[in-house]
Amino acid sequence: MKEESFFELVYDVVSLIPPGRVTSYGAIARYLGSPQAARTVGWALNKSFSSAGFIPAHRVVNRNGLLTGKFHFGYFEAMKELLESEGIRVDHDCVVDFERLFWDPSKELDGLAFIIEEDE
DNA sequence: GTTATGACTGCGA
DNA sequence: TTCGCAGCCATAA
């Protein structure tokens, strides 16, 4: 069963991001096997608003820790407030201590009984 | 069916 | 240092 597409996997990974943590599009994409498919990750999140349940897309930022998709949340401070609500400090649309809060699925989920990457 | 775009990333000049 | 281009997957027109 792992017929899930790249698209579906994004939802799974993003949904697994623990509160107070953030990750990058490239990290997710890399975990899925295509580090350069980060664009698709962002695109998936864009649809997440009208697709799957709630996707903590606010925990997903670009490699610089910059809230690049903030303007997709309705208003610019929405993403920031969501992050601060989880204890993540955001300064000028940039995640503070981004590398410290960085949550890498290929690391955190490495070895865990995840849903994908185990169809063999 | 093809073409264009998108919340990205990495490398080259 | 900054600027520009190419690559990846999926959706929309």
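Can you find, within the range A:15-37, the residue that is nearest to A:Leu67 (Cα to Cα) among those that are free of Cβ contacts under 8 Å to residues at least 24 places away in the same chain and within 13 Å of DNA strand B (Cβ to nearest atom)?
That would be A:Ala29.
Just to be sure I understand the filter: pairs with C-beta atoms under 6 Å, separated by 6 or more residues or on different chains, first member in the range A:95-107 and more than 15 Å from A:Ser15 (Cα to Cα), second member modelled with pLDDT of 90 or more and open to solvent by 30 Å² or more (accessible area, probe 1.4 Å). Which pairs pass?
Correct list of pairs: A:Val96/A:Arg89; A:Leu101/A:Arg21.
Could you list, in sequence order, the residues of the range A:3-14 that are open to solvent by 10 Å² or more (accessible area, probe 1.4 Å) and either assigned to a loop (DSSP other than H, G, I, E, B) or within 19 Å of A:Leu67 (Cβ to Cβ) (or both)? Step through it out loud before you land on a result.
Step one: of the range A:3-14, the residues open to solvent by 10 Å² or more (accessible area, probe 1.4 Å) are A:3-9, A:11-12.
Once the filter is applied, which keeps residues that are open to solvent by 10 Å² or more (accessible area, probe 1.4 Å) and either assigned to a loop (DSSP other than H, G, I, E, B) or within 19 Å of A:Leu67 (Cβ to Cβ) (or both), the range A:3-14 yields A:Glu3, A:Glu4, A:Ser5.
When the residues of the range A:54-74 are filtered to those that are among the small types (Gly, Ala, Ser) and open to solvent by less than 50 Å² (accessible area, probe 1.4 Å), which remaining residue is modelled with the lowest pLDDT?
First, the residues of the range A:54-74 that are among the small types (Gly, Ala, Ser): A:57, A:65, A:69, A:74.
The next check asks that each one be open to solvent by less than 50 Å² (accessible area, probe 1.4 Å); those that pass are A:57, A:65, A:69.
Working: A:Ala57: 91, A:Gly65: 91, A:Gly69: 87.
Within the range A:54-74, the match that is modelled with the lowest pLDDT is A:Gly69.
If you go through the range A:58-85, how many residues are in a loop (DSSP other than H, G, I, E, B) and of a type in the set (Gly, Ala, Ser)? Steps first, answer last, please.
Step one: filter the range A:58-85 for residues in a loop (DSSP other than H, G, I, E, B), giving A:62-65, A:67-69, A:73-75.
Remaining after also requiring of a type in the set (Gly, Ala, Ser): A:65, A:69, A:74.
Qualifying residue count for the region: 3.
Working only within the range A:15-29, note down all residues that are away from DNA strand C (no atom under 16 Å from the Cβ) and crowded, with 23+ Cβ neighbours inside 10 Å.
A:Val22, A:Thr23
Quick check: is even one residue across the range A:77-85 crowded, with 17+ Cβ neighbours inside 10 Å and over 16 Å from A:Ser24 (Cβ atoms)?
Going through the range A:77-85, the residues crowded, with 17+ Cβ neighbours inside 10 Å turn out to be A:79-80, A:82-83.
Add one more test, that the residue is over 16 Å from A:Ser24 (Cβ atoms), and what stays is A:80, A:82.
Within the range A:77-85, one or more residues are crowded, with 17+ Cβ neighbours inside 10 Å and over 16 Å from A:Ser24 (Cβ atoms).
It is to be established whether one or more residues within the range A:30-53 are touching a Cys at 6+ places or on another chain (Cβ under 8 Å), assigned to a loop (DSSP other than H, G, I, E, B) and open to solvent by 50 Å² or more (accessible area, probe 1.4 Å).
So in the range A:30-53, the residues touching a Cys at 6+ places or on another chain (Cβ under 8 Å) come out as none.
No - not one qualifying residue is present in the range A:30-53.
Tally time: how many residues in the range A:86-120 are buried (at least 18 other Cβ atoms within 10 Å of the Cβ), modelled with pLDDT under 90 and outside any helix (DSSP H, G or I)?
Residues in the range A:86-120 being buried (at least 18 other Cβ atoms within 10 Å of the Cβ), modelled with pLDDT under 90 and outside any helix (DSSP H, G or I): 1 in total.
The values are calculated or read from the model by the stated rules, or taken from the named source; none is laboratory data. Predicted model, so just to flag it, every value in this text is computed and none were measured. Don't worry about glycine lacking a Cβ; one is built from the backbone with ideal geometry, like all the others, and counts go over all protein chains shown. The protein model used for the area step is the full one, side chains on, heavy atoms only, and it has no ligands, DNA or RNA in it. Shrake-Rupley method; radii C 1.70, N 1.55, O 1.52, S 1.80 Å.
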